[in-house]
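Data block below; observations after.
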Amino acid sequence: MSYQVHSPAPVRELPGETVPYYLADGDGRAHLLLGQVGRALASTEETAGAMSVMTAVGPAGGPIPLHRHEKEHDYFLCVRGAVQVWADGQSRILHPGDVASVPAGVLHAYQFHGHYSQFMGPIAPAGWDRFFDFTGTPYAGPAYPLLDDSPPPFAKFGAAEAKFAMKYFPEEPYTEATTGPDDSLPGTHTAYFLKAGEGPRHVLFGQVAFQLMTGAESDGQLGMTITEGPRGPAIPAHLHERTYEAIYCLEGRLLVTVDGEDHLLTRGDFVSIPAGVEHTYAMDAHLTRFASMYGPAGVERFHEVAGVVAEQRIFPERAEQADRERDRIAAAAQAAGLDITFAG
């Protein structure tokens with residue numbers, strides 16, 4: 001069955017305060033830089049400092065300068081095209097669903113290899129999105145422009161080193177891309193790559209949740225999962241007392257109810273959920289996939305502690321009913337110390 005949704009219109013710009021909101025694909029605070037468009041979906045003000053959430057989109061082109069951040073953990077989830085990422089002396093070409101995780105202090109860069117390439121991801125602590133405000137040009141168009149004829153902002157790049165506690169390393173070489181197993185999380189706070197469909201995965205409510213990052217890989221700052229499943233039962237309404245959550249739809253249709261308002265998300269849509277706000281979701285397509293980001297880490301383990309290990313990389317044919325399972329999953333989440341309180 002499909003859901004009848006009477007959703008308020010999405011906001012066109014970030015609200016500038018810690019309130020729940022819904023952004024349609026292509027909205028958010030956007031800036032043009034070196035032919036690419038960096039778009040902030042959430043920043044310091046919206047997440048109470050937990051994280052920034054950004055996308056970057058552009059055409060095939062040269063790599064950005066190798067650099068490192070003193071404070072920020074940077075994360076790349078390829079959602080379209082092909083994106084090469086350098087991190088800690090290694091390099092991979094990411095395709096949709098592949099990820100790269102780059103802790104603070106790690107030398108890194110990226111390059112778009114395909115037409116209309118795009119990545120999305122959280123950055124913690126919040127604030128790095130303002131780099132694009134500082135060095136780029138406000139952009140109001142769709143996707144990215146046919147031609148960016150503005151000169152590179154070299155002076156701004158230099159000033160950004162001090163302003164954003166970062167440093168460029170123009171003398172360092174770009175290593176050739178290689179392949180690797182990239183099939184598990186390292187369990188430590190180090191740079192890593194993870195292929196689509198790999199890593200820990202668990203079944204709950206007939207959905208499969210893939211852990212992309214846990215507190216072990218982010219020093220407790222970030223957790224991230226991709227959840228996929230068929231049209232089916234909703235997760236019970238709940239809230240997080242201390243944890244900010246962001247949801248980004250990758251495929252299909254996802255009905256998210258936040259603070260009593262329904263939003264039907266499709267590809268590229270985004271919902272911001274501050275701590276303390278009640279929310280739930282249900283899938284409304286043959287296949288729906290979405291990324292969830294948590295700050296601080298912890299809630300990304302929900303399917304792990306309340307579900308079972310997924311032997312396959314696809315959701316099962318039949319789902320247990322969420323209402324029937326509610327008491328068991330609530331007890332499991334409480335026993336694991338997860339920041340989840342079920343409503344009602």
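Quick notes
- Looking across region 222-246, the residues that are in a loop (DSSP other than H, G, I, E, B) and touching a Pro at 6+ places or on another chain (Cβ under 8 Å) come down to Leu222, Arg242, Thr243.
- Test: Gly223 is among the small types (Gly, Ala, Ser), buried (at least 23 other Cβ atoms within 10 Å of the Cβ) and over 15 Å from Arg313 (Cβ atoms): yes
- Any chance Val102 is of a type in the set (A, V, I, L, M), surrounded by 22 or more Cβ atoms within 10 Å (Cβ to Cβ) and over 24 Å from Val271 (Cβ atoms): yes
- Cβ-Cβ under 6 Å pairs, at least 6 apart or on other chains, region 80-97 side on the phi > 0 side of the Ramachandran plot, far side in a loop (DSSP other than H, G, I, E, B): Gly81/Gly114; Gly81/Tyr116; Asp88/Val106; Asp88/Ala191; Gly97/Ala196
For (1) assigned to a loop (DSSP other than H, G, I, E, B); (2) surrounded by fewer than 21 Cβ atoms within 10 Å (Cβ to Cβ); (3) in contact (Cβ under 8 Å) with a residue 24 or more places away in the chain, each residue gets a yes or a no:
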{"residue": "Leu264", "(1), (2), (3)": "no, yes, yes"}
{"residue": "Arg267", "(1), (2), (3)": "yes, yes, yes"}
{"residue": "Gly276", "(1), (2), (3)": "yes, yes, yes"}
{"residue": "Tyr281", "(1), (2), (3)": "no, no, yes"}
{"residue": "Ala285", "(1), (2), (3)": "yes, yes, yes"}
{"residue": "Tyr294", "(1), (2), (3)": "no, no, yes"}
{"residue": "Ala297", "(1), (2), (3)": "yes, no, yes"}
{"residue": "His303", "(1), (2), (3)": "no, no, yes"}
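- Among the candidates Asp183, Asp149, Asp219, residue that is touching a Pro at 6+ places or on another chain (Cβ under 8 Å) and among the charged types (D, E, K, R): Asp219
- Only residues that are in contact with a strand residue (DSSP E or B) (Cβ under 7 Å, 6 or more places away or on another chain) and on the phi < 0 side of the Ramachandran plot were counted across region 181-197, and they come to 6.
- Residue under evaluation Gly58, criteria (1) at pLDDT 95 or above; (2) farther than 24 Å from Asp259 by Cα; (3) surrounded by fewer than 23 Cβ atoms within 10 Å (Cβ to Cβ); (4) of a type outside the set (Val, Ile, Thr), criterion not met: (3)
- Qualifying positions in region 80-123 - in a strand (DSSP E or B) and closer than 16 Å to His189 by Cβ: Ala87, Val99, Ala100, Ser101, Val102, His108, Pro122, Ile123
The values are calculated or read from the model by the stated rules, or taken from the named source; none is laboratory data. Remember, predicted model here, so these are calculated numbers, not experimental data. Reconstructed Cβ throughout: ideal geometry from the backbone, glycine too, with neighbour counts over all protein chains shown.
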